[in-house]
Structures are given as structure tokens and as C-alpha cells.
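The values are calculated or read from the model by the stated rules, or taken from the named source; none is laboratory data. These numbers were taken from a predicted model, which means no experiment stands behind them. Glycine also receives a Cβ, built like all others from the backbone with ideal geometry; neighbour counts cover every protein chain displayed. SASA here: full protein model, heavy atoms, side chains in, ligands and nucleic acids out. Shrake-Rupley method; radii C 1.70, N 1.55, O 1.52, S 1.80 Å.
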Amino acid sequence: MGDYIWFHDVSWHATYAIYFFVIGICAGLSFLSYGSWRTEALRPLREKAAYGSFALLVAGGLLLIADLSQPLRFLNILNPVYLNFTSPLAWGALNIVAFGIVSLLYLVALRQGKEARGKVLATAAALLALGLPVYTGYDLTVHQSRPVWNTPVMPVLFVALAVASGSAAGAILAGSNAAAQKLLREYLLWSTAAVGVILVSILGTTNYGGAAQELTFMILTTGTMGLIFVGIGIVAGTAAPIALLLAPVGRGQTGVVLAGVLVLVGGAALRYALLMGPQQLQTLF
């Protein structure tokens, strides 16, 4: 009698999972646009990937701004006085702004046909794009008391997811270009395999951790969250694309595009589960 359970709210809402997904594809497409200067097979994707990357950056930025209780406060990231440079969020904000400026200059160079400048800007954009999944993963890693998040491989996982998601989007944009599809198949296969290896290591260390880790493992692998994380994220979005790409059908356009669609769906599910699942404990205790 007199017992109560206080249901707390999660700190990071599903909007951030959508942002992680969008910004991952954004970074992956930037990698592909840069790769078009190094590999002729990707040349048809140069402009498509660059424009797609910039459009997704804008969409991701609007998601972050809309999630603020006072949206106009996003202007504070332009004022160094308001920035806490010991916070990964501050560096992430600066990275986003710098990437946006360089990406816009890159698009202008492409429209003007200035290849020498375009190549330099593509390199700068790709380096800044690498910081996008790194900082989003680091935002989670610094939460030392949060199971699953507090692992140094989280930024690495987000980079692998960005490469996989970008390659998947590139496979769809490449259409019937056989040379591009062949190369993107390799990117998809190896990046998705890397995601799988990292997920296995995270699940293993979580399952054999302390009480909080074990409870988080149960949340991630059972019920609705288990369906999203294991069923859609791992089985349908990671294992199935690898199996498809290794099969004979996975060497053709249809197989590569289908694998890309599965990777995109699985990538969205993984980001949602990895963000929301570990937070469910705080709603119960």
C-alpha cells in the first residue's frame, strides 16, 4: 500500500533517430561524390550524390531546429560566446555548419564546371562528412552510465552505417549503370558486414555485463523493440542483404538495388532501436 512507480520520460526522442538516419545517408552520399573524382565508375553519381547530400543536410538541420523548445536558439551556434567547447554537441554543430558551407561551394563549383576547385572542395566535404557520423556516435558514447551507448565502437558503428546507407542510396541513384552498380555492390557488402560484426560485439558485451546491461539486452531482443532491432535491423537489414549480395542474383542491378533498400530499412530500424532501447530502463526506475 502506498507504492508508486514513477514513469520518467526519455531524454532523446525518436526525432533524433530520424536525424541519425538522414545525416548518415547525407555523409555516405558525400563520400560517393568524392569517390567519383577517384574512380571513374562513380562519375555518373557525382552531381546526384552532391545534391542529395546537401538536401539531406538541410532536412536534418531542420529536424534538429524543430526539436528545440525555442527553435531560434539554433542561431547561438553561430556565436562562439555561447558554445561549450568541451561538449561534443558544440563541435557537432560547428561541423554541420562547416560541412554545409563547403557543400554549397562544391555545388557552385560543379555548376560552373570548375573541376580543379570541385575536386578540392569534394575532398574537404568528404572529410567534414566523416565528422557527422563520428560526432553523432560520440554524443552517445559520452553517456557513461547508459548501457550500449557507453562503448567506444559507437562512432565506428555510425561510420559503417553511413557508408552502408550512402552506398544503398547510391545503388538506387545509379540505375542501370553496370560499372557503378558493380562497385557499389562491393561497398554495400563490406560496409554491411562491418555493421554486423560491430553489432555482434555490442550484443555480446551487453549480454554478459552487469544488471543494467543485461536488462538492456532483454529490452533490445524481446517484444516490439526486439522485432525492430533483431527482426528488421539485424536479420532483414543486415544478414539478408549480405546473403542476397553473395547470391548470383546479387550481382545484377535488381539484386543490388533490393539489397540497398533492405539496408536502408534496416539502418533506420537499427538507429531507432539503439537510440530508444537503452533509454527504456529510465522509464521504469
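Are any residues in region 205-218 in a helix (DSSP H, G or I) and open to solvent by less than 30 Å² (accessible area, probe 1.4 Å), and if so, which ones?
Scanning region 205-218 gives 206, 216.
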* What is the one condition in (1) at pLDDT 90 or above; (2) within 18 Å of residue 148 (Cβ to Cβ); (3) over 19 Å from the mean Cα position of the chain (by Cα) that residue 211 does not satisfy? -> (1)
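Within region 246-285, can you find the residues that are of a type in the set (Gly, Ala, Ser) and within 18 Å of residue 226 (Cβ to Cβ)?
Once the filter is applied, which keeps residues that are of a type in the set (Gly, Ala, Ser) and within 18 Å of residue 226 (Cβ to Cβ), region 246-285 yields 266, 267, 268, 269, 273, 277.
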* To do: Quickly run through region 127-180 and pick out the residues that are closer than 22 Å to residue 197 by Cβ and β-branched (Val, Ile, Thr).
  => 134, 136, 141, 148, 151, 153, 156, 159, 163
* Have a look at 91, 149 and point out the one that is in contact (Cβ under 8 Å) with a residue 40 or more places away in the chain, hydrophobic (A, V, I, L, M, F, W, C) and open to solvent by 20 Å² or more (accessible area, probe 1.4 Å). => 91
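Any residue that is more than 25 Å from residue 29 (Cβ to Cβ) and either outside any helix (DSSP H, G or I) or not hydroxyl-bearing (Ser, Thr, Tyr) (or both) - is there at least one of those in region 232-244? Spell out the reasoning first.
First, the residues of region 232-244 that are more than 25 Å from residue 29 (Cβ to Cβ): 235, 243.
Next, from what is left, pick out any that are either outside any helix (DSSP H, G or I) or not hydroxyl-bearing (Ser, Thr, Tyr) (or both): 235, 243.
Looking for residues that are more than 25 Å from residue 29 (Cβ to Cβ) and either outside any helix (DSSP H, G or I) or not hydroxyl-bearing (Ser, Thr, Tyr) (or both), one finds at least one in region 232-244, hence yes.
Which one of 157, 161, 130 is open to solvent by 40 Å² or more (accessible area, probe 1.4 Å), modelled with pLDDT of 95 or more, closer than 30 Å to residue 257 by Cβ and within 20 Å of the chain's Cα centre (by Cα)?
The match here is 130.
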* To do: Determine which single condition residue 84 fails, assuming it passes every other condition in (1) at pLDDT 95 or above; (2) surrounded by fewer than 15 Cβ atoms within 10 Å (Cβ to Cβ); (3) under 27 Å from residue 154 (Cβ atoms).
  => (1)
* Structure fact -> Residues of region 33-49 being over 26 Å from residue 15 (Cβ atoms) and part of a helix (DSSP H, G or I), in sequence order, are 33, 34, 35, 40, 41, 42, 43, 44, 45, 46, 47, 48
* Asked: For residues in region 125-166 being out of contact with any Gly (no Cβ under 9 Å at 6 or more places or on another chain) and hydroxyl-bearing (Ser, Thr, Tyr), which is farthest from residue 240 (Cα to Cα)?
  -> 145
* Could you grab me the full set of residues in region 225-243 that are hydrophobic (A, V, I, L, M, F, W, C) and closer than 8 Å to residue 266 by Cα? => 232, 234, 236
* Asked: Limited to region 162-193, what total is found for residues that are over 22 Å from residue 19 (Cβ atoms) and among the hydrophobic types (A, V, I, L, M, F, W, C)?
  -> 11
* Answer from 271, 185 - the residue that is under 22 Å from the mean Cα position of the chain (by Cα), among the basic types (Lys, Arg), open to solvent by less than 30 Å² (accessible area, probe 1.4 Å) and under 22 Å from residue 41 (Cα atoms) -> 185
* Hey, can you tell me all the residues within region 97-124 that are within 22 Å of residue 65 (Cβ to Cβ) and open to solvent by less than 40 Å² (accessible area, probe 1.4 Å)? => 98, 99, 100, 102, 103, 107
